[in-house]
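The structure appears below as structure tokens.
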Amino acid sequence: MAQPRVTRRTLLEGSVAAAGLACSTPAIGRAAADNPQRLWYRQPAKAWVEALPVGNGRIGAMVFGGSQQERLQLNESSFWGGSPYNPVNPDARAALPEVRRLIAAGRFAEAEALANAKVMAKPLSQMSYQPIGDLLIDLPRVDPAQVQSYQRALDLDAAVASTQFSSGGITYRREVLASPIDQVIAIRISADRPRALDVDLRLTSLQRATTQATGDRLMMTGVGPTEHGVPGVLRFAAQARAMAEGGTITADGDRLRARGVNAVTILIAMATSYRWFDDTSIDPDPIVRGQIDAAAAKGFRIIAAAATAEHRRLFRRVRLDLGHTPAADQPTDIRIRTSEGANDPALAALYFDYGRYLLIGSSRAGGQPANLQGLWNESIKPPWGSKYTININTEMNYWPAEPTGLAECLPPLIALVRDLAISGARTAREMYGARGWVAHHNTDLWRATAPIDGAQYGLWPMGGAWLCLHLWERYDYGRDAAYLRSIYPYLQGAALFFLDVLQTDPKSGLLITSPSLSPENIHPHGASICAGPAMDQQILRDLFAVTMQAAAILGVDAEFAGQLQATRARLAPDKIGKQGQLQEWQEDWDAEAPDPHHRHVSHLFALFPSDQINLDDTPALARAAQRSLEIRGDESTGWATAWRANLWARLRDGEHAHRILRFLLGPERTYPNMFDAHPPFQIDGNFGGTRAIAEMLMQSRGDEILLLPALPSAWPTGSVTGLQARGTCQVDLAWRDGTLAAVTLTSAVAGERIVRLADRRIKVRLRAGHPTRLSTKDFRAS
Ligand code: FUC
């Protein structure tokens, strides 16, 4: 039988047909050249950072796409080392006054040494996110030497990873997806010749685990590791069930063997015993069995159609087109490798789409928040524990959520803050003798909130406060009072803590945090711990402002709000230093700090993500922030590079933001699978870069909407639909030759907006639910 020539089109059509989506979904039936929302490659992944991620917010897999052996590296978001623990150091409370005294006396190194001896958490490190294991799929009849027309792809719009090749005259096809509806990873393997397929399946793990094969099922159970002296107690269960079309399936030792089948569907379910941060009593076995059996009754086509439809409900809210050039027709790894010298605006659009895909895949109700690697981790000793670093990284993960229409990704983050408000109340009480709650610079599955990793990094009490601002943002974008009422106690508790612990600066009489630090940056006095770093006061100004605003909207806590207002007025203000820069610390130490190019740009928080500093209301501070940015330089770790791009977008310098983005998307900061390279892999850069692209096209501040505030010349013509401005306002934009062509605003709530294009602004009265269309002419007339 003559084999059809394998093209990108047939690969896609195969994927469509297998998923039972053929006619109804033309978008995934298109050829690659006009299906830009797709990563694709001409060879299988060798390294993990070449494999392609699928995820449903709770379970996920990295798909390697090997021809003779497929590897699916598996994760479940609640599988971590350790068990419930309270890391507060019992000596901390007694030692803090002396730490503060030493700081006030300028004896910073001594203060840091004392903090290291008496204040830091026990254990000093938190628990880490753990991999479950691998599903290994062998195709013994495939001869790797004979493989032709190989291609693998990740369709971001369908949320399906596919692999196709021919060998020995047979075309093989695989699709993999993670269903948010059926809570399984579903794989379909087919060959285009009847009964040509033999498949062997194994589940393996680096954990303390055992696997059994029975009937058509592989069952693995295991326990998470003990870490830093905290016993590993979390149990996990993973099951894989195989269903053949034609042929036979038999269990053989620890594996399943399918022989002479036309196609095989494999379903994987995973769960752990984690119920809550102090409760590990769930029995995961019946859960995975129930999920797998319910899904098996439906079959691959129905599972795939429902998963894709649910993914698209979120993914298709935004569509970005930055234009197409011949460079975009290359495989994704080649595009990344050559991107810094190429004209490939569509690569930025793909990065943006991928960022949204990754957030949908790693953060949905029922799972844990996106961690340092989102959901995807193969290592039992991952970098920084693959957990929650809340002095920038976790927040950055959620930067795209609001402006790119992904509010559904926030529930795990909201639940995290809910938990921290409980565990952090204990830390506030035991460590500081304070009311309210506090979280320092990291947390984990067990919601540890005490300072870790050494005082130089960890003694920073602002992590919870910063996270609260994301909860407020949800209100500001969605304007749902019932939601605001549900999260108000967390804001209130975070603010209350600072009423109790703020210190009076003996020099100025103003209020400052102490002890604290400007995240991870060493000042010129041999330590990073200090009093009143600029970022702390900035975060507190926002936290107090939104808590007061929330109290007013909800009609509660008037007296408390009054206290916040009075305290806010006494917070130390931002200052401009001798280099013309925004001061990072209370004293003008910036020029003498040992690392002038430090990756964190914490004192620029006020410019982005906050808007306390902006070009219109505080131009002198905005210029000082720009000076600080110039001194820090453009190129840094992945996330730090992405932050810089956002900051330049806020300064409305599209060329500069684009220059930084180009570096972020190049091979030093982007792996072949488009994962961000800190290095190593850390997903925050993907999310920060996605937000930067949105910020370049549209910004919203209060009732103002800024159109194309930082459009670079490299994106002369394009369009975006579905961006969100504050106050439930959808913004659809098109531009040509660098100039706005049209904009449509659609808000769910009526009200007046100021719409700005460069230095022209017009007032627009929006009617609820009615699109308002404006063109360049409207701005000329203003
Ligand atoms: C912070 C950063 C590091 C890294 C780590 C996970 O500590 O300073 O660069 O991103 O988090």
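The values are calculated or read from the model by the stated rules, or taken from the named source; none is laboratory data. The structure presented is a predicted model; accordingly, all values stated were derived computationally and were not measured. Cβ: placed from backbone, ideal geometry, glycine included. Neighbour counts: every protein chain shown.
Observations
- Total residues in the stretch 672-703, condition away from the ligand (no atom under 16 Å from the Cβ), in contact with a Phe, Trp or Tyr (Cβ under 7 Å, 6 or more places away or on another chain) and over 16 Å from Ala401 (Cβ atoms): 1
- Residue among Gln724, Gln730 that is touching an Asp or Glu at 6+ places or on another chain (Cβ under 9 Å), part of a strand (DSSP E or B) and either buried (at least 18 other Cβ atoms within 10 Å of the Cβ) or of a type in the set (A, V, I, L, M) (or both): Gln724
- When the stretch 338-349 is filtered for residues that are surrounded by fewer than 24 Cβ atoms within 10 Å (Cβ to Cβ) and in contact (Cβ under 8 Å) with a residue 12 or more places away in the chain, the ones remaining, listed by number, are Ser339, Glu340, Ala342, Asn343, Pro345, Ala346, Ala349.
- Among the criteria (1) under 23 Å from Trp639 (Cβ atoms); (2) of a type in the set (S, T, N, Q); (3) more than 16 Å from the ligand (Cβ to nearest atom), the one Asn393 does not fulfil is (3).
- Qualifying residues in the stretch 97-110 (those that are of a type in the set (Gly, Ala, Ser) and assigned to a loop (DSSP other than H, G, I, E, B)) - the one nearest to Val147 (Cα to Cα): Gly106
- Residue in the stretch 530-546 that is of a type in the set (S, T, N, Q), touching a strand residue (DSSP E or B) at 6+ places or on another chain (Cβ under 6 Å) and free of Cβ contacts under 8 Å to residues at least 40 places away in the same chain present: yes
- A single entry from Ala450, Ala434, Ala439, Ala428 fulfils the requirement of being more than 23 Å from Leu582 (Cβ to Cβ) and within 16 Å of the ligand (Cβ to nearest atom): Ala439.
- Breaking point among (1) of a type in the set (Val, Ile, Thr); (2) surrounded by 22 or more Cβ atoms within 10 Å (Cβ to Cβ); (3) over 30 Å from Val49 (Cβ atoms), for Thr404: (3)
- Checklist (1) within 16 Å of the ligand (Cβ to nearest atom); (2) in a helix (DSSP H, G or I); (3) of a type outside the set (D, E, K, R); (4) more than 21 Å from His441 (Cα to Cα) applied to Ala625, failing item: (1)
- Flag if Ile576 is of a type in the set (Val, Ile, Thr) and surrounded by 19 or more Cβ atoms within 10 Å (Cβ to Cβ): no
- Residues in the stretch 205-215 include none that are part of a strand (DSSP E or B), among the basic types (Lys, Arg) and under 12 Å from Ile266 (Cβ atoms).
- Residue ranges of strands (runs of 3 or more DSSP E) in the stretch 254-330 with at least 2 members charged (D, E, K, R): 255-261, 319-321
- Those residues of the stretch 591-606 which are touching a residue at least 60 places away in the same chain (Cβ under 8 Å), closer than 24 Å to Pro573 by Cβ and either more than 11 Å from the ligand (Cβ to nearest atom) or part of a loop (DSSP other than H, G, I, E, B) (or both), in sequence order: Glu592, Ala593, His598, His600, His603, Phe605, Ala606
- When Ser636 is tested against (1) away from the ligand (no atom under 16 Å from the Cβ); (2) among the polar types (S, T, N, Q); (3) over 17 Å from the mean Cα position of the chain (by Cα), only condition (1) is not met.
- Residue match in the stretch 349-363 (condition: part of a loop (DSSP other than H, G, I, E, B), touching an Asp or Glu at 6+ places or on another chain (Cβ under 7 Å) and either modelled with pLDDT of 95 or more or of a type in the set (D, E, K, R) (or both)): no
- Restricting the stretch 491-547 to residues that are within 17 Å of Gln583 (Cβ to Cβ) and charged (D, E, K, R), the residue that is surrounded by the fewest Cβ atoms within 10 Å (Cβ to Cβ): Lys507
- Cross-chain or 6+ apart pairs with Cβ under 8 Å, the stretch 627-643 first and closer than 13 Å to Phe605 by Cα, then outside any loop (DSSP other than H, G, I, E, B) and within 14 Å of the ligand (Cβ to nearest atom): Leu629/Arg644; Trp643/Met396; Trp643/Gly688
- Considering the stretch 495-517, and only residues there that are under 29 Å from the mean Cα position of the chain (by Cα) and part of a strand (DSSP E or B), the residue that is farthest from Val119 (Cα to Cα) turns out to be Leu517.
- Among the conditions (1) within 16 Å of the ligand (Cβ to nearest atom); (2) surrounded by 22 or more Cβ atoms within 10 Å (Cβ to Cβ); (3) in a loop (DSSP other than H, G, I, E, B), the only one that Gly367 does not satisfy is (1).
- In this structure, Ser167 does not qualify as surrounded by 22 or more Cβ atoms within 10 Å (Cβ to Cβ) and of a type in the set (Gly, Ala, Ser).
- Residue in the stretch 540-554 that is within 16 Å of the ligand (Cβ to nearest atom) and touching a Leu at 6+ places or on another chain (Cβ under 9 Å) present: no
Residue-by-condition table, conditions (1) surrounded by fewer than 24 Cβ atoms within 10 Å (Cβ to Cβ); (2) under 17 Å from Tyr357 (Cβ atoms):
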residue	(1), (2)
Asp653	yes, no
His656	yes, no
Leu661	no, no
Gly666	yes, no
Thr670	no, yes
Met674	no, yes
Pro679	yes, no
Ile683	no, yes
Gly688	no, yes
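- Meets criteria (touching a Gly at 6+ places or on another chain (Cβ under 6 Å), at pLDDT 95 or above, more than 16 Å from Tyr398 (Cα to Cα) and not acidic (Asp, Glu)) for Leu664: yes
- With respect to the conditions (1) within 28 Å of Gly366 (Cβ to Cβ); (2) in a strand (DSSP E or B), Pro180 lacks only one, and its number is (2).
- Options Gln565, Gln586, Gln579: the member that is more than 16 Å from the ligand (Cβ to nearest atom) and part of a helix (DSSP H, G or I): Gln565
- Pairs meeting the criteria (first residue in the stretch 351-373 and polar (S, T, N, Q), second residue assigned to a helix (DSSP H, G or I) and within 16 Å of the ligand (Cβ to nearest atom), beta carbons under 7 Å, at least 6 apart or on different chains) are Asn371/Ser386; Gln373/Ser386.
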